[in-house]
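J.: The structure that follows is given in the form of structure tokens.
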Amino acid sequence: MAQNLRQLGEALHYLVKEGDNIKSGDFVAVGDVVGVAITDGVVGELLGISVTGVYETTISAAIGEVIQGKRLYFDAETKEITTDASKIFVGYAWDNAEAGTSVPIKLKL
């Protein structure tokens, strides 16, 4: 194995900032990367953010039906998944989903 390997890149370490009380399963933006909190975290704690895998989350009724393979984005202000390409790319719909239901999302860096 390469001597300069630091980690496999499956999770980011994130220091929880003021105003961020994060629950396990929450989508979290760290710069231009979106991942899913592995555990709960409060201000000042170091938290693991998974950046690989498929995670299920509820989508807003406002974005309508989501078709498998659709590119999805994360709005860091509202903390919602969206189809608005001006937001942070999070990954792909892993299955079809009706508006206002949940959709599995394959995280993508």
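Bear in mind these aren't lab numbers, they're just calculated from the coordinates by the rules spelled out. Nothing here was measured: the structure is a model prediction, and the numbers come from that model. Please note: Cβ atoms are built from the backbone with ideal geometry, for glycine as well, and neighbour counts cover all protein chains shown.
J.: Using modelled backbone amide H atoms (1.01 Å from N, in-plane), which distant-in-sequence or interchain residues come within less than 5 Å of THR57's amide H?
T.: VAL103, ILE105
J.: While we're on this one: How do LYS87, LYS23, LYS108 rank when sorted from fewest to most other Cβ atoms within 10 Å of their own Cβ? Show your work: numbers first, answer last.
T.: On the way: LYS87 19, LYS23 9, LYS108 13.
Placing the least packed residue first, the sequence is LYS23, LYS108, LYS87.
J.: Something else: Ranking ILE67, ILE88 by Cβ neighbours within 10 Å, fewest first, what do you get? Could you put the intermediate results ahead of the total?
T.: Working: ILE67 10, ILE88 17.
Sorted ascending by nearby Cβ count, the order is ILE67, ILE88.
J.: Report the FRET efficiency, 1/(1 + (r/R0)^6), for MET1 and SER50, where r is their Cβ-Cβ distance and R0 is 25 Å, rounded to 0.05. Can you show the working numbers first?
T.: Working: r = 22 Å, r/R0 = 0.89.
For MET1 and SER50, the calculated efficiency is 0.65.
J.: Work out the length of the dipole vector of the chain about its Cα centre, built from +1 on the beta-carbon of each Lys and Arg and -1 on the beta-carbon of each Asp and Glu, and round it to the nearest 20 debye. It would help to have the intermediate numbers written out before the result.
T.: On the way: 9 positive and 15 negative charges, 78 e Å.
Once rounded to the nearest 20, the dipole reads 380 debye.
J.: Right, something else. What is the spin-label model distance, in nm, from ALA62 to ASP20 if the labels are put 7 Å beyond Cα along the C-beta direction?
T.: Taking the simple label geometry, ALA62 and ASP20 are separated by 2.3 nm.
J.: Something else now. Compute for the stretch 1-80: radius of gyration divided by Kirkwood radius, i.e. Rg/Rh, restricted to C-alpha atoms, rounded to two decimals.
T.: Working: Rg = 14.5 Å, Rh = 14.2 Å.
Rounded to two decimals, Rg over Rh is 1.02.
J.: Here's something else I'd like to know. Using +1 at the Cβ of each Lys and Arg and -1 at the Cβ of each Asp and Glu in the chain, identify which of VAL43, PHE74, GLY19 lies farthest towards the dipole's positive end.
T.: PHE74
J.: Obtain the nm distance between the two label points defined at HIS13 and THR83 by a simple spin-label model: each point lies 7 Å from its Cα along the Cα-to-C-beta direction.
T.: Rounded to a tenth, the inter-label distance reads 4.0 nm.
J.: Cut-off is 10 Å between beta-carbons; in what order do LEU72, LEU12, LEU5, LEU109 appear when sorted fewest neighbours first?
T.: Numbers: LEU72 26, LEU12 16, LEU5 8, LEU109 12.
Result, fewest neighbours first: LEU5, LEU109, LEU12, LEU72.
J.: May I pose another question? What's the lysine pair count for the chain at a Cα cut-off below 23 Å, pairs eight or more apart or interchain?
T.: Lysine pairs, 8 or more places apart or on different chains, close enough: 15.
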